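Notes follow the structure.
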Amino acid sequence: MRERTSRLIRPLLMLLSGKVSPNQLTLLGLVTSTASFLSFWYDYIVIGAILVLVTGFFDLLDGALARHTGEGSKWGAFLDSLVDRYTEIIIIAGISKFSTLGYLAITGSLLVSYSRSRAELEGVKCDVGLGSRPTRLLILGIVSPLPWGRDLSLIMVSIVAHSTALYRMFHTWNSLKNKRSSVVPMS
């Protein structure tokens with residue numbers, strides 16, 4: 001999917017090359033997520049939802065630009081990952097106005113990211129489950145402006161995120177169990 005997406009946005013990447021850095025796009029996503037927070041907070045729900053989708057687009061663009069220009073770095077990857085967590089928290093806080101549903105959506109989202117990172121530290125590839133960040137942002141951006149959409153989008157993100165984190169837990173457990181059983185004990 002990444003290759004297909006890169007092909008679709010290649011003209012834009014060529015236009016941006018040399019004019020803006022991937023890290024600048026990452027930080028621009030932080031700015032648009034903050035604008036989304038304010039829009040939702042003051043009940044400009046459609047504008048907030050559009051800004052969620054714009055934030056997601058910047059998130060897609062920053063990595064694609066880094067790969068296109070060869071400007072990818074460990075610092076850029078770290079910054080992108082950290083800013084991704086901040087943008088998602090900011091957006092959900094705006095939609096939920098700090099409600100319990102918002103808390104559930106935020107914790108689920110963070111656990112999806114954490115479960116993958118922790119599994120990969122243990123040597124398990126863990127990009128499984130339906131609740132990836134792009135999916136969660138699409139849910140927030142598309143469902144939140146609908147009637148009853150604020151709560152519904154948070155419920156949907158909570159369910160998708162927590163089920164993905166649990167799925168990743170079982171995937172990791174199973175992978176590590178299989179690795180353990182294939183290890184020959186030393187005599």
Worksheet entry | Of R118, R150, R133, the one that fluctuates the most in a GNM where the chain has Cα springs shorter than 10 Å | R118
Practice prompt. Using amide H atoms built 1.01 Å from N in the peptide plane, name the residues 5+ places from V124, or on other chains, whose amide H lies under 5 Å from its own.
Written response: none
Practice prompt. Could you tell me the distance between the Cα centroids of segment 116-154 and segment 23-64, to the nearest Å?
Written response: 16
Response to the item:
Quick calc of log₁₀ I(q)/I(0), the chain, Debye, one scatterer on every Cα, no solvent, q values 0.11, 0.16 1/Å, result -0.53, -1.00
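Can you give the helix-only mean residue ellipticity at 222 nm for the chain, where every DSSP H stretch with n ≥ 4 adds -39500 (n - 2.57) and the sum goes over all residues, rounded to the nearest 500 deg cm²/dmol?
Details: 7 runs with 149 residues, N = 187.
After summing the helix terms and dividing by residue count, I get -27500 deg cm²/dmol.
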Worksheet item: Treating the beta-carbon of each Lys and Arg as +1 and of each Asp and Glu as -1, no other charges, what is the dipole magnitude of segment 54-187 about its Cα centre, to the nearest 20 debye?
Response: 440
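Here, each number is a calculation from the coordinates, and none is a lab measurement. Everything numeric here is computed off the predicted structure, so don't read it as measured data. Because the Cβ atoms are built from the backbone with ideal geometry, glycine has one as well, and the counts that use them run over all protein chains shown.
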